[in-house]
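Step one of this worksheet: look at the structure below.
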Amino acid sequence: MSAVYVLWLRQLIRYWRTRSRIIGSLAQPLLFLVALGFGLGPIYAQAGGGNYIQFLAPGIIGMTILFTAMFSGMEVIWDRQLGFLKETLVSPSSRFSIFFGRTLGGATVALIQGVVIFLITLLFGFRPISLLSLPLVLVFMFLLAYIFTALGTALASAVEDMQAFPLIMNFIIMPVFFLSGALYPLENAPSGIKLIALFDPLSYQIDALRQLLNGVSHFGLAIDFGITLACALLVSLLGVYLFNRVEV
């Protein structure tokens, strides 16, 4: 467990030391929130959808966590090139604890980013239906962060090219985000998008956040929770398998 704690703490220290990274990671969610929330808000209201900021905010929170979590895997490639990963892998700690520590660290950073964006959405007029649901909201935010941090770490374990990794990440992140229903209601989406959303893990985490914060759900909270736990288990198994194959 000491390796898990050390790697978790190292991720947090690295995060707080890079202030430019903190500011840069908030720019895209804020752009989406302003451009879409206020740009499409009147159209959404005229179509009978109500307050678009209220609908959009959970999706933007999920997007923030998704992007931060997935790109945290790039640190595996950096550590491999700098030699730190080799030093970690030859230590007495098991590779499972190393993978778990790195994943928890990246997930915690992504969770912090999500909380910051959540607080910013309050300034833009977003209002949760109940403050009592906030502890459960944090649970789903952390599970979302854990799933995609583990996935990013797993993919980084199999990719050695620093230039190729961002391309692979964008190839995965963009469809996952735009087809999850984060920006539009799935109820009125074409049947093809509805079908794809069923296999998109982010759909269930966004739906859970929307249910807890807005009281609106497409799949139901029980299904969201079950699918989220299943995804967390699957990416953990995949991540440990690929991380065990990393050569020192």
Given 5 Å bins starting at zero, what is the percent of C-alpha pairs of the chain in each, up to the one with the largest pair distance? 1, 7, 13, 18, 19, 16, 12, 7, 4, 2, 1, 0, 0
Just 61, 112, 23 to compare: in a GNM of the chain, with alpha carbon springs under 10 Å, which one fluctuates most? 23
Where the centre of each part is set by its Cα atoms, how far does the range 216-248 sit from the range 48-63, in angstrom? 25 Å
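What does the extension gain come out to for residue 28 and residue 171, with contour length at 0.36 nm per residue minus their alpha carbon separation?
Details: separation 143, 0.36 × 143 = 51.48 nm, distance 1.73 nm.
The span from residue 28 to residue 171 would gain 49.7 nm if fully extended.
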Relative to the longest principal axis of the chain, what angle (0 to 90°, nearest 10) does the C-alpha long axis of helix 164-178 take? 30 degrees
Kindly write out, for the range 41-56 in residue order, the coupling ³J(HN,Hα) from the Karplus curve 6.51 cos²θ - 1.76 cosθ + 1.60 (θ = phi - 60°), rounded to whole Hz, with x marking Gly and Pro. x, x, 5, 4, 5, 5, 7, x, x, x, 7, 6, 4, 4, 6, 6
Report, to the nearest 10°, how far helix 2-17 tilts away from the longest principal axis of the Cα atoms in the chain, using its own Cα long axis and a range of 0 to 90°. 60 degrees
Extension gain (nm, one decimal) between residue 234 and residue 116, 0.36 nm per residue minus Cα-Cα: 39.7 nm
Which angle between 0 and 90 degrees, to the nearest 10, do you get for helix 201-214 versus the longest principal axis of the chain when only C-alpha atoms count? 50 degrees
Given the Cα-Cα distance of residue 217 and residue 40 and 0.36 nm per residue of separation, how much length would full extension add, in nm? 61.6 nm
Provide the descending list of Cα extents for the range 177-245 along its principal axes, expressed in whole angstroms. 44, 25, 16
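Coordinate-derived values only; no laboratory data. Since this is a predicted model, take the numbers as computed values, not measurements.
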